[in-house]
Amino acid sequence: MWPTDAAQLEALQRQLAARWAAERPWLPPESRGLRVAAAFVATGSGASAWAAAVIFERGALVDSAVVAGRLEADYVPGLLAQREGKLLAEVVHQLRVLPDILIVNATGRDHPRGAGLALHLGAVLGLPTVGVTDRPLHASGGEPGPARGDTAELRLAGELVGFRVRTRASARALAVHAAWRTSPETARDLVLDVGGDGRTPEPLRQARRLARTARGSG
C-alpha cells in the first residue's frame, strides 16, 4: 500500500478517493472516553527520520511509541505518502492501545487526487483519520475570525474539504482536513475538542515533541 513508483501511487490515490465516498462515516464511542491518537515524523540529516505516535483519553496520555527509520523518497507535493507513509504506519502499529481516531500532520481530501497522506494512512491502518497542517495544499477559502473556535471553509473544485480553524485566539489558523471516514465538520470538531492550550492540538503537539526529542537523542 506504499508504492515507491509515483505513477502507481497516483493511481492508488485515485482508488482511495473513490473508496472514501463509499465508506461508513465514523462516529465516536458513546460508552467510554474517546481515544485520540496522533502521529508525526521528524526528519534528520539525509534520509534519517523519527516517527512518534501518542494516544490521549480524557486529556491524559495513555500510550506512546517512537521508531527510527528512513524516509522512502524526497518530498514532492501530493506524494507525501511515498516519503512518510510507511514509517507512520509502523509507529502506529507499535501502540499497545487501539485508538478510535488518528490525527496526522498531512492533508486528506485537499489533494490533487483527493487522497492525501492522512486519508491514505487511515485506509491502510483501518482507522478514521483527520489531517492537520499549517496551510492548505490546493484548497482555498477565507480567514476565520480572531476568536478561538472561529472557522472558515476550505473548498477544492467546489467540494468542502476542510476548514481553517482558529485554535487559539489571534494565533494563525490551522488547516483541518477531512480524511479517512471523516467529514470536514467531524475534523473541525475533533481538533477543537482536543486542542489544549496551544495552537496545535495537544495529541499532535505531544507526538511532535516525542519525535523531535528522539531525533535529538539519535
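Taking the criterion of being of a type in the set (Ser, Thr, Tyr) and either under 22 Å from residue 124 (Cβ atoms) or at pLDDT below 95 (or both), the residues of the stretch 163-203 that qualify are 170, 182, 183, 186. None of 181, 188, 166 is of a type outside the set (Asp, Glu), under 21 Å from residue 26 (Cβ atoms), out of contact with any helix residue (DSSP H, G or I) (no Cβ under 9 Å at 6 or more places or on another chain) and surrounded by fewer than 24 Cβ atoms within 10 Å (Cβ to Cβ) except 188.
Restricting attention to the stretch 67-122 and to residues that are polar (S, T, N, Q) and crowded, with 24+ Cβ neighbours inside 10 Å, the residue that is nearest to the chain's Cα centre (by Cα) turns out to be 107. Residues of the stretch 196-218 that are within 30 Å of residue 48 (Cα to Cα), in a loop (DSSP other than H, G, I, E, B) and over 14 Å from the mean Cα position of the chain (by Cα): 198, 199, 218. Looking across the stretch 26-47, the residues that are touching a Lys or Arg at 6+ places or on another chain (Cβ under 6 Å) and touching a residue at least 60 places away in the same chain (Cβ under 8 Å) come down to 26, 40, 42, 44. Under the condition of being out of contact with any Asp or Glu (no Cβ under 7 Å at 6 or more places or on another chain) and either without any contact (Cβ under 8 Å) to a residue 60 or more places away in the chain or loosely packed, with under 13 Cβ neighbours inside 10 Å (or both), the residues counted in the stretch 1-11 number 4. Scanning the stretch 24-46 for residues that are over 18 Å from the mean Cα position of the chain (by Cα) and surrounded by 12 or more Cβ atoms within 10 Å (Cβ to Cβ) yields 33, 44.
The values are calculated or read from the model by the stated rules, or taken from the named source; none is laboratory data. From a predicted model like this one, the values you see are computed outputs, not experimental measurements. All Cβ positions, glycine included, derive from the backbone under ideal geometry; neighbour counts span all protein chains shown.
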